[in-house]
Amino acid sequence: MPLESFIGDIMEDRQKIHDLPIEKLAGLLTGSAFWQTAECEEIGMEAVTLSDGPHGLRVQDKMPNHLGMGTSCPSTCFPTAALMACSWDTQLGEELGEHLGAEAAYMGVAMVLGPGLNIKRSPKCGRNFEYFSEDPYLSGKMAAAYVRGIQSCGTAACIKHFAVNSRERARMVYDCRVDERTLRETYLTGFEIAVKEGKPAAVMTAYNKVNGEYCNSSRRLVGGILRGEWGFDGLVVSDWGGTFDKVASVKAGVDLEMPRCNFSAEEVAEAVENGSLDRSLAEDAAARQLAFSRAAAGVRVRDVDWIAHSRFARRCAENSMVLLKNEDGALPLGAAERVALIGDFAQTPRYQGAGSSLVNPTFLDNIRDELTAAGVNVAGFARGFRRKGGNSGRLVAEAVRLARRADCVVVCLGLPEGMELESCDRAGLSLPENQLALLNALRPLGKKIVAVLSCGGVVDMSWDEDCSAVLYAGLAGQSGGAAAAAVLTGAVNPSGKLAETFPLREEDVPCHYIYNKHAYKMDYAEGIYVGYKYYNTLGVPVRYPFGFGLSYTSFAFSDAAADESGASVTVTNVGDREGATVVQMYVGIPRRDLQISPAELKGFAKVRLAPGESRRVFIPFDSLSFRTWDAASGGWTEGGDCEVCLGESSRDIFFRTVINRGPQPAADGEKYSYERWFAAHISPDEPKIKHKKGDIEATLMTEIYDLKYSRGFVGRLFALISRLYSRSKDEILANSMNHLPIRFILLFMNYDRTQAEGFLQACNGSFFGGIKKILFKKRPRGRGKETRL
Ligand code: BGC
């Protein structure tokens, strides 16, 4: 539901908004509850419900929270974005969006909080499973497709997290130091594509800072780039608890703070009254919300065929899983082969990630049942390892005994739930030790080993030498077991291609030495050399390249050509099975200040062909194909001899040609080599501030951790409780607790302004004054009413 049509309609309501008392107006800029926006009779604005998320709905009717804890209503769990991106199929992405939109409409949800399209800068980011790719073009195209699908049902989509949100550690306080070209080309381009092509009704700001400024209060990112340059006129929503300075946020162009904050209305009203905030900005925000609530009122509630949705989830997974290795035709499994099925994941699937995207599935299958149902001769199942905990000699011995009785071992490996979480990053890329120990025990048996890998991102795969075949099954959603079984048996010919690179070693990742080095800042020193743009440009060997994936058939490419309008090639299926491949177009743009220009993905087309069938594929150039950000003039530029390549992966290029795009802009100085670029973009280390007790004057922006140095013992006690809590069992909370700003905590404690002031006062040493305000609040307010669904 693009809002443009509604913006026009509410123009006559502007006067009504203008006439609202300031307290009332200010109150509209925060939610009315955890998942609901505010309502206002005077202007005819109704409350609407928002809900996560990107690969299935998480509609909560009790115990609302933003971390996936507690229950939610059942809904279809589709494959996560990380796997869907491997389909390289925007049509399928759009259909997934339609299914999400339909379920949302059925559940009375007006806005789906997704898709997420942050760039996978490091494989360690705990939330990579929720994002599409290391590449902005692929991410942007997939996100735009989801948005079109979701919004075709009348439901709004909210793309997130804008912007440069590529780590989870200390996610509410860290600052991304990123140069302008990298920001534009790598971290904003995907959002730009999604905004311009998908026309989402909403954009969610990220928690982090970019170059010293919180995204949520960045006039440059929100007002300047998103609204100004890209012409976005929809709703800008904060991440949950991600408004750190309410007045600055309104000034930046953010319309809605979520969830409800009991003291932000007063902050806004006070700023308008004292002249530090222009009232018309608050009116604009209210007008956009009114437009949104009107648009939401038109959403038709429809019935959902849950079984069909589950089947569709399976189709998504079948079209996305990536066959990484298949020596001597190890796959598909032969009808007569006796298969030893090993690995905990075969029975208890790992099919989604944890955190705000957690879906309560309507149904859940597993590989064990599905392989048997597919008629595979399963000789038995052995768990092989425990999901949590160390090596188990007993489980390994049992697996070895089973493997001895079989012709072939299908071993289901992956990352346990606790390793891919919102709010924490991974410490390394290895699979858990107990899974590697299992492989070590199976190897000497000399059996054919087929590995099925369930995880939302890149893992170290040095163990793949022990395997004849490897299937990357990703986090495949509730019907992922059936999809994996179909690929393993050959009922489905795999056609997924990697949307991120699997490096040879963890140390090869371009940002390895700087990622998460500091709690508070992140240098983006590798610049635009993210993922394959680094490995391919610098010639670093990788295990599996970006864009790679095998098939049970093979394709021939002939008569490739390129002209001013695009590149084309004839693709022929030269095997004996139906199958699909992806023609990928990469463009290398000569840049005046780079020694080597990375070839970047600028187009792709998925083609499905019957055996012997041929098709001419044309990939058009567009406004993104040849552009590059010119830091000197502060704008996009084009020119020079650009190399256009077609390939079946970023490393398997079958056609290259040069297209001249006019004169290359003159060089304006020394050329950077990668190493010099890298060195030039490491910001100097800030001297460690050594605080002493009493040094810190608590404000709403102060981190809980720093309360350790506050003047009042209340602050210090709070910091201590938080530190103790950090050692608690709940991994998500434990990892984020210390690095939460006070404002976040007060919002979730449902404090009003007086109480918030009281809390700060108590932290700052005025115990009695502070406690009095906390206990005798100005007026009682509830958390707000959650709409019953
Ligand atoms: C996440 C968002 C999510 C929101 C609401 C936040 O913690 O970052 O992606 O939409 O919670 O659950």
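The values are calculated or read from the model by the stated rules, or taken from the named source; none is laboratory data. As the structure is a computational prediction, the values presented were derived from the model and not from experiment. Cβ atoms come from the backbone with ideal geometry, glycine included; neighbour counts cover every protein chain shown.
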message: Residue under question is Arg591, and the condition is that it be in a loop (DSSP other than H, G, I, E, B), without any contact (Cβ under 8 Å) to a residue 60 or more places away in the chain and among the basic types (Lys, Arg); does it hold?
response: yes
- line: Residues of segment 333-358 being in contact with an Asp or Glu (Cβ under 9 Å, 6 or more places away or on another chain) and modelled with pLDDT under 95, in sequence order, are Gly334, Ala336, Gly353, Ala354, Gly355, Ser356, Ser357, Leu358
field: Which listed residue, of Leu323, Leu364, is hydrophobic (A, V, I, L, M, F, W, C), surrounded by fewer than 24 Cβ atoms within 10 Å (Cβ to Cβ) and within 21 Å of Ala85 (Cβ to Cβ)
entry: Leu323
Matching entry among Ala85, Ala156, Ala104, Ala145 (being touching a Ser or Thr at 6+ places or on another chain (Cβ under 6 Å), over 30 Å from Gly414 (Cα atoms), of a type in the set (Gly, Ala, Ser) and surrounded by 24 or more Cβ atoms within 10 Å (Cβ to Cβ)): Ala104
query: Among the residues of segment 320-337, which ones are assigned to a helix (DSSP H, G or I) and in contact (Cβ under 8 Å) with a residue 40 or more places away in the chain?
result: Glu327, Asp328
task: Would you point out which residue out of Asp278, Asp233 is at pLDDT below 95, more than 16 Å from the ligand (Cβ to nearest atom) and either of a type outside the set (Lys, Arg) or within 21 Å of Thr702 (Cα to Cα) (or both)?
output: Asp233
- prompt: Mind checking which residues of segment 431-451 are closer than 18 Å to Asn391 by Cβ and crowded, with 16+ Cβ neighbours inside 10 Å?
  reply: Leu431, Pro432, Asn434, Gln435, Leu436, Ala437, Leu438, Leu439, Ala441, Leu442
- prompt: Only one of Val359, Val322 is at negative phi and touching a Ser or Thr at 6+ places or on another chain (Cβ under 8 Å); which?
  reply: Val359
field: segment 124-140, residues that are more than 16 Å from the ligand (Cβ to nearest atom) and touching a strand residue (DSSP E or B) at 6+ places or on another chain (Cβ under 8 Å)
entry: Asp135, Tyr137, Leu138
- request: Pull up segment 236-247, narrow it to residues that are β-branched (Val, Ile, Thr) and within 16 Å of the ligand (Cβ to nearest atom), then point me to the one that is nearest to Glu180 (Cα to Cα).
  value: Val236
- prompt: Filtering segment 44-63 down to residues that are surrounded by fewer than 22 Cβ atoms within 10 Å (Cβ to Cβ) and away from the ligand (no atom under 16 Å from the Cβ), which residue is nearest to the chain's Cα centre (by Cα)?
  reply: Ala47
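Yes or no, residue by residue, for (1) out of contact with any Lys or Arg (no Cβ under 6 Å at 6 or more places or on another chain); (2) surrounded by fewer than 14 Cβ atoms within 10 Å (Cβ to Cβ); (3) of a type in the set (Gly, Ala, Ser); (4) at pLDDT below 90:
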position	(1), (2), (3), (4)
Pro665	no, no, no, yes
Lys671	yes, yes, no, yes
Glu675	yes, yes, no, yes
Phe678	yes, no, no, yes
Leu700	no, no, no, no
Gly712	yes, no, yes, no
Ile721	yes, yes, no, yes
- prompt: Conditions: (1) within 25 Å of Thr189 (Cβ to Cβ); (2) modelled with pLDDT under 95. Phe621 meets all but one. Number of the miss?
  reply: (2)
- prompt: So which residues in segment 169-183 are over 16 Å from Ile514 (Cβ atoms) and in contact with a Ser or Thr (Cβ under 9 Å, 6 or more places away or on another chain), if there are any at all?
  reply: Arg171, Met172, Arg181
- request: Tell me which of these Leu183 doesn't satisfy, since it passes every other one: (1) over 26 Å from Ala291 (Cβ atoms); (2) crowded, with 24+ Cβ neighbours inside 10 Å; (3) aliphatic (A, V, I, L, M).
  value: (2)
statement: The one condition Thr76 fails out of (1) of a type outside the set (Phe, Trp, Tyr); (2) within 16 Å of the ligand (Cβ to nearest atom); (3) touching a strand residue (DSSP E or B) at 6+ places or on another chain (Cβ under 8 Å) is (2)
- prompt: With respect to Glu41, is the statement that it is free of Cβ contacts under 8 Å to residues at least 60 places away in the same chain, among the acidic types (Asp, Glu), more than 16 Å from the ligand (Cβ to nearest atom) and out of contact with any helix residue (DSSP H, G or I) (no Cβ under 7 Å at 6 or more places or on another chain) true?
  reply: yes
- request: Hey, could you check segment 352-379 for residues that are more than 29 Å from the chain's Cα centre (by Cα) and in a loop (DSSP other than H, G, I, E, B) and say which is farthest from Leu413 (Cα to Cα)?
  value: Gly375
message: Quick check on segment 197-209: of everything there that is more than 22 Å from Met142 (Cβ to Cβ) and in contact with a His (Cβ under 9 Å, 6 or more places away or on another chain), which residue is farthest from the ligand (Cβ to nearest atom)?
response: Asn208
message: Please list, ordered by residue number, the strands (runs of 3 or more DSSP E) wholly in segment 474-574 having 2 or more residues that are at pLDDT below 95.
response: 521-523
- request: Can you give me the number of residues within segment 436-459 that are outside any loop (DSSP other than H, G, I, E, B) and under 30 Å from Met737 (Cβ atoms)?
  value: 1
- prompt: Only one of these conditions is not met by Val376: (1) crowded, with 24+ Cβ neighbours inside 10 Å; (2) under 21 Å from Gly490 (Cβ atoms). Which number is it?
  reply: (1)
query: Restricting to segment 572-590, what's the tally of residues that are farther than 17 Å from Gly496 by Cα and either over 32 Å from the mean Cα position of the chain (by Cα) or aliphatic (A, V, I, L, M) (or both)?
result: 6
message: Tell me yes or no: at least one residue of segment 162-169 is of a type in the set (Val, Ile, Thr), part of a helix (DSSP H, G or I), crowded, with 24+ Cβ neighbours inside 10 Å and within 16 Å of the ligand (Cβ to nearest atom).
response: no
query: of a type in the set (Val, Ile, Thr) and more than 16 Å from the ligand (Cβ to nearest atom): does that describe Val339?
result: yes
Boolean, Ala82 is within 16 Å of the ligand (Cβ to nearest atom), in contact with a helix residue (DSSP H, G or I) (Cβ under 7 Å, 6 or more places away or on another chain), at pLDDT 85 or above and outside any loop (DSSP other than H, G, I, E, B): yes
statement: Within segment 210-223, residues away from the ligand (no atom under 15 Å from the Cβ) and either surrounded by 23 or more Cβ atoms within 10 Å (Cβ to Cβ) or among the β-branched types (Val, Ile, Thr) (or both) come out as Val210, Ser217, Ser218, Leu221, Val222
query: Looking only at segment 129-161, which residues are part of a helix (DSSP H, G or I) and among the basic types (Lys, Arg)?
result: Lys141, Arg148
